[in-house]
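Comments concern the structure below.
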Amino acid sequence: MKTLVEMKNVVKKFPGVTALDGISFDIRSGEVHVLLGENGAGKSTLMKILSGVHKPTSGEIIIDGKAFDHLTPHDSYKNGISVIYQELSVINELSIGENLFIGRLPMKKLGFFETVDHSEINKRAREILETVGLNRDPKTAVEELSISEKQQVEIAKALAADSKVIIMDEPTASLTNSEVESLFKIIRRLKRDGKGIVFISHKLGEIMEIGDRVTVLKDGGYVGTKNISQITQDDLVTMMVGRQISKNYQHDTFDFENEPVIFEVANLSRKDNKVRDVSFKLHKGEILGFSGLVGSGRSEMMNAIFGAEPKSAGRIFIDGEEIKTSSPYSAIKKGLAMVTENRRETGFFHNFDIAENISVLPFVKTSGAGGISGLVSKKDEAQWADEQKEKLNIKCYSTKQLVSELSGGNQQKVILGKWLAADSKIIIFDEPTKGIDVGSKSEIYSLMRRLADEGKGVLVVSSELPELLSICDTIAVFREGKIVKFFNHREATEENIIHASTAQESEEI
Amino acid sequence: MPTKTKERELTFSQAWQRYGTLGILVLLLVILAILRPSFFFKTSTITQILSQSSVNILIALGEFFAILIAGIDLSVGSVVALSGMFMAKLMVSGTSPIAAVLLGVLMGALLGFINGILVNSTGLHPFIITLGTQAIFRGVTLIISDSSAVFGFPASFSRFMAQRIFYVPVAAIIAIAVALILAFLTKQTKLGRNIYALGGNRESAWYSGINIKLHTLIVFVISGICAGIAGVVLLGRVGSAEPAAATGFETYAIAAAIIGGTSFFGGKGKIFGVVMGGLIIGVINFGMNLLSVSSTLQQVVMGALIIGSVTLDRFVAGRK
Ligand SMILES: Nc1ncnc2c1ncn2[C@@H]1O[C@H](COP(=O)(O)OP(=O)(O)OP(=O)(O)O)[C@@H](O)[C@H]1O
Ligand SMILES: [Mg+2]
């Protein structure tokens, strides 16, 4: 196979940290080369050097026999490299077709003027969209598309630019299972066409399925490159973390049903009817998980419990005492916390450093007069931040660092830390491990178990079934705004959960 | 293995963010000192610059909060005029100056409160709301004053406002006091922290238990109070309440905040920067008067300065 791009001894230093310490990496035609490593290992940084976002401190990049000491974004584009970042860069206000050809729209003469040739755009766009399997009119505005469709537009954009190398940085982090399947179909097709694909993901199952070779990084250093057909998933974990990790976090002999109920929701409905008549109980020591398709009502219910969205009916009890949650502020005051699903939109404050982000919650929780009275204590702030940095193993050189300088997974850990710092009685985790590496995941699962053992209520929403299966004592399945089934972890399997979440109304579950 | 160092060297862009405005101010003063040394090295010059900048700094301090939550307050000039007119009317009709001043500042707070309530209840951008109230408040000023100036304040008021303590005019002392209180609010209180959070990310703020409407309301009340206090200082300096007073002052206030490093996108900025921004504008105005630059040309310079400083800031901050 032909080598398309080769990186040799690449070093990248940021003030205070060496993100890449002499990494060599190559991309061949017709293969999926997986880049694996813990949070902050340097994966995104390595790819940002290829796309021209970062300039390497030293090292060499060879494309088609030509050597560069660094690439500008224009070099990168001209040499056929496209990157699909996790934060998609399609322009919502433009149509699909315009997005594909942005920057080099085909023009036509109209008397004295040149105008954009829309019929040409649409013709060419249609062909490309077919390749990526997106069944949409090129004239559709991008804002109408789902996340996975936007991602398909990004891939189509790479094809429209005639890219030879397509880099995907955690493309599956926000996709559902079926969307991942269609992404893989596209990737296989691109392989057949001789493209080189770089695939970054923390989901090992996916990596085994789609990858050809894997390169593992650790703390900016090179660990090794292997053919995936010759290794197992456990080998990957060992290469990456240096040890094996536990698969289950339940106490086998524990019978929580005899424990007191510490949290209860009765007959909860949302004003917009996205959640209807939902009831559940949580016992001391139990971890309760919520499964279901996207939009089936899991996060929607959590938002209502947390007071972020209006309810039309329902009662909520902590330790048997009814609480009213009319806003997140009142919910927090009553002892609830909710790790929100989307860290960029509802999670962190880009203008705050790590310590300030983490201390927002404890400060609000201890304030009076509707959240406005009280003074800020720098000492408390530093202490809370250090505690969470320690507990969650956040990789940063100082808690006075801006969150935007952290790697994706470490940003997610800051969000977790922010909510854990509030020391709440009941903690809702909505997709808590998005973008977090396997080693840290296992630490977070142990942490959740510890919280439950200490008598805190732990509720988890997750689209990753293996995650729910390995940590939850009970799994509730949502379908169309209702809980349709509760599974004890001993009887729960991927198959029966998927069946319950997709079965038709009339069918027996 | 990554090599981690505890301390990292201050990059140029960070140094710029921290000391840039102070540097510009010093630079301007040096230029002025070279061009007109005879004028410059007189204590009266400093006194004059301070006293002239006070009104603008006071308004800008309030404007700062409106910009901090990614909003804006265009009504500040009208609030200065209306609360000033209200005070003047009270004083000439025999109310004691102290009571009149307190009621006037309270009027500023009330007008800010109205802005806040309108922003919260309509959900419209503060730009639109305060563009509207700018006209309304100005209209009310014209109505209650019958479109004519009010003067003849008690001597105690005029004398107090004209005082100097160690060459520092009362107006400047008031501005400094307000700035110190607000610096304390932004740095040391949860309220201040929450306002920065709200400016950084509204959604995150809401999920973190920060009451968005309450904080928005407080921000506009602060802006109103600052404008009300600026109204007091202006009355003291001019000696009369003009219905057209402080017209266009919002431009200078916004300029001071922005030159001082406040981000228009919200969540970033410092009180110290705003004071520096206000002084920079004050020095430029003073300098142009000293060099007898025509007032029309002064406008051009001021406009260019706003665009120039923000561009420079962007450029040096390295955000492409
Ligand atoms: N702009 C930046 N300024 C300073 N440090 C940075 C910057 N970008 C990345 N880093 C640091 O470089 C290191 C590598 O980060 P990178 O984003 O490449 O990690 P990653 O392997 O992609 O991790 P993740 O799996 O969490 O996404 C981290 O320690 C990070 O804090
Ligand atoms: Mg990354």
**Fill in**
Picking from B:Gly278, B:Gly239, B:Gly248, B:Gly260, the residue that is in contact (Cβ under 8 Å) with a residue 40 or more places away in the chain and over 13 Å from the mean Cα position of the chain (by Cα) would be B:Gly239
**Item:** Odd one out for A:Val132 among (1) away from ligand 2 (no atom under 16 Å from the Cβ); (2) surrounded by 22 or more Cβ atoms within 10 Å (Cβ to Cβ); (3) at pLDDT 85 or above; (4) within 25 Å of the chain's Cα centre (by Cα)
**Value:** (3)
**Item:** Matching residues in region A:468-488 - criterion: being surrounded by fewer than 20 Cβ atoms within 10 Å (Cβ to Cβ), closer than 24 Å to A:Lys441 by Cα and not small (Gly, Ala, Ser)
**Value:** A:Asn488
**Message:** Given the criteria more than 14 Å from chain B (Cβ to nearest Cβ) and surrounded by 18 or more Cβ atoms within 10 Å (Cβ to Cβ), does A:Gly455 qualify?
**Reply:** no
**Prompt:** Can you find a residue in region A:226-235 that is within 16 Å of ligand 1 (Cβ to nearest atom), away from every other protein chain (no Cβ under 14 Å) and part of a strand (DSSP E or B)?
**Reply:** no
**Request:** Please enumerate the residues belonging to region A:159-184 that are part of a loop (DSSP other than H, G, I, E, B) and either more than 16 Å from ligand 2 (Cβ to nearest atom) or polar (S, T, N, Q) (or both).
**Result:** A:Ala161, A:Asp162, A:Ser163, A:Lys164, A:Thr172, A:Ser174, A:Leu175, A:Thr176
**Message:** Where the second residue is of a type in the set (Phe, Trp, Tyr) and part of a helix (DSSP H, G or I) and the first is within 7 Å of chain A (Cβ to nearest Cβ) and lies in region B:201-221, which pairs have Cβ atoms under 8 Å and are six or more apart or on separate chains?
**Reply:** B:Gly209/A:Tyr329; B:Ile210/A:Tyr329; B:Asn211/A:Tyr329
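Just to be sure before I move on: is A:Ser398 out of contact with any Cys (no Cβ under 9 Å at 6 or more places or on another chain), within 28 Å of A:Glu464 (Cα to Cα), more than 7 Å from every other protein chain (Cβ to nearest Cβ) and at pLDDT below 95 in the structure I sent? Reasoning before the result, please.
Values: out of contact with any Cys (no Cβ under 9 Å at 6 or more places or on another chain): yes; within 28 Å of A:Glu464 (Cα to Cα): no; more than 7 Å from every other protein chain (Cβ to nearest Cβ): yes; at pLDDT below 95: yes.
It is false that A:Ser398 is out of contact with any Cys (no Cβ under 9 Å at 6 or more places or on another chain), within 28 Å of A:Glu464 (Cα to Cα), more than 7 Å from every other protein chain (Cβ to nearest Cβ) and at pLDDT below 95.
If I filter region A:335-368 down to residues being in a loop (DSSP other than H, G, I, E, B) and more than 7 Å from every other protein chain (Cβ to nearest Cβ), which single residue comes out as surrounded by the fewest Cβ atoms within 10 Å (Cβ to Cβ)?
Start the filter on region A:335-368 by keeping residues that are in a loop (DSSP other than H, G, I, E, B), which leaves A:335, A:340-342, A:348-352, A:366-367.
Filter once more, so that each one left must be more than 7 Å from every other protein chain (Cβ to nearest Cβ): A:335, A:341-342, A:366.
Numbers: A:Gly335: 19, A:Glu341: 20, A:Asn342: 16, A:Thr366: 13.
Applying the filter and picking the extreme gives A:Thr366.
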**Request:** Go through (1) over 30 Å from A:Arg343 (Cα atoms); (2) modelled with pLDDT under 85; (3) not hydroxyl-bearing (Ser, Thr, Tyr) one by one and return the number of the condition A:Lys195 breaks.
**Result:** (2)
**Item:** From A:Val438, A:Val403, A:Val414, residue being away from chain B (no Cβ under 11 Å), closer than 21 Å to B:Ser204 by Cα and within 16 Å of ligand 2 (Cβ to nearest atom)
**Value:** A:Val414
**Prompt:** Can you tell me which of B:Thr21, B:Thr45 is more than 21 Å from the chain's Cα centre (by Cα) and either of a type in the set (S, T, N, Q) or outside any helix (DSSP H, G or I) (or both)?
**Reply:** B:Thr45
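Can you tell me which of A:Val460, A:Val477, A:Val438 is closer than 24 Å to A:Tyr85 by Cα and aliphatic (A, V, I, L, M)? Full working, then the answer.
Numbers: A:Val460 fails: closer than 24 Å to A:Tyr85 by Cα; A:Val477 fails: closer than 24 Å to A:Tyr85 by Cα.
Answer to the selection: A:Val438.
Hey, any hits in region B:150-172 for a residue that's assigned to a loop (DSSP other than H, G, I, E, B) and within 14 Å of chain A (Cβ to nearest Cβ)?
Step one: list which residues in region B:150-172 are assigned to a loop (DSSP other than H, G, I, E, B), which gives B:152-154, B:163, B:166-167.
When the remaining residues are screened for being within 14 Å of chain A (Cβ to nearest Cβ), the result is none.
No; the residues of region B:150-172 include none that is assigned to a loop (DSSP other than H, G, I, E, B) and within 14 Å of chain A (Cβ to nearest Cβ).
Given the criterion over 22 Å from A:Val414 (Cβ atoms), more than 14 Å from every other protein chain (Cβ to nearest Cβ), within 16 Å of ligand 2 (Cβ to nearest atom) and in contact with a Gly (Cβ under 9 Å, 6 or more places away or on another chain), identify the matching residue among A:Ile49, A:Ile23.
On the way: A:Ile23 fails: more than 14 Å from every other protein chain (Cβ to nearest Cβ).
None of the other options fit; the residue is A:Ile49.
Only one of these is in a helix (DSSP H, G or I) and among the aromatic types (Phe, Trp, Tyr): B:Phe286, B:Phe265. Name it.
Working: B:Phe265 fails: in a helix (DSSP H, G or I).
Sole residue among the options that is in a helix (DSSP H, G or I) and among the aromatic types (Phe, Trp, Tyr): B:Phe286.
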**Matching entry among A:Lys418, A:Lys389, A:Lys413 (being within 27 Å of A:Val17 (Cβ to Cβ) and either among the β-branched types (Val, Ile, Thr) or surrounded by fewer than 22 Cβ atoms within 10 Å (Cβ to Cβ) (or both))** = A:Lys389
**Message:** So, in region A:191-221, exactly how many residues are away from ligand 1 (no atom under 13 Å from the Cβ) and either among the hydroxyl-bearing types (Ser, Thr, Tyr) or within 14 Å of another protein chain (Cβ to nearest Cβ) (or both)?
**Reply:** 0
**Asked** Out of (1) over 17 Å from the mean Cα position of the chain (by Cα); (2) at pLDDT 95 or above; (3) away from chain A (no Cβ under 14 Å), what's the single condition that is false for B:Ala179?
**Response** (1)
**Item:** Among (1) closer than 30 Å to A:Lys48 by Cβ; (2) touching a Lys or Arg at 6+ places or on another chain (Cβ under 7 Å); (3) among the hydroxyl-bearing types (Ser, Thr, Tyr) - the single one A:Ser229 does not satisfy
**Value:** (2)
**Request:** Quick one: A:Gly103 ticks every box in (1) away from every other protein chain (no Cβ under 14 Å); (2) on the phi > 0 side of the Ramachandran plot; (3) in contact with a strand residue (DSSP E or B) (Cβ under 6 Å, 6 or more places away or on another chain); (4) not aliphatic (A, V, I, L, M) except a single one, so which number is it?
**Result:** (3)
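From B:Ile59, B:Ile69, which residue is at pLDDT 95 or above, under 28 Å from B:Ala245 (Cα atoms) and more than 13 Å from the chain's Cα centre (by Cα)? Spell out how you get there, then give the answer.
Numbers: B:Ile59 fails: more than 13 Å from the chain's Cα centre (by Cα).
B:Ile69 is the lone residue from the list that is at pLDDT 95 or above, under 28 Å from B:Ala245 (Cα atoms) and more than 13 Å from the chain's Cα centre (by Cα).
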**Asked** of a type in the set (Lys, Arg), part of a helix (DSSP H, G or I) and within 24 Å of B:Ile59 (Cβ to Cβ): does that describe B:Lys213?
**Response** no
**Item:** Count of residues meeting criterion [under 19 Å from A:Ser163 (Cα atoms) and not in a loop (DSSP other than H, G, I, E, B)] in region A:93-143
**Value:** 14
**Fill in**
Selection from region A:47-74 of residues assigned to a loop (DSSP other than H, G, I, E, B), in contact with a strand residue (DSSP E or B) (Cβ under 7 Å, 6 or more places away or on another chain) and over 13 Å from A:Lys13 (Cα atoms) yields A:Ser51, A:Asp69, A:Leu71
**Message:** Any residue at all in region B:208-229 that's surrounded by fewer than 18 Cβ atoms within 10 Å (Cβ to Cβ), farther than 29 Å from A:Ala422 by Cβ and β-branched (Val, Ile, Thr)?
**Reply:** no
**Request:** Name, by its number, the condition in (1) more than 14 Å from chain B (Cβ to nearest Cβ); (2) at pLDDT 95 or above that does not hold for A:Ala304.
**Result:** (1)
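The values are calculated or read from the model by the stated rules, or taken from the named source; none is laboratory data. Because the structure is a prediction, the values reported are computed rather than measured. Virtual Cβ from ideal backbone geometry, glycine too; neighbours counted across all protein chains shown.
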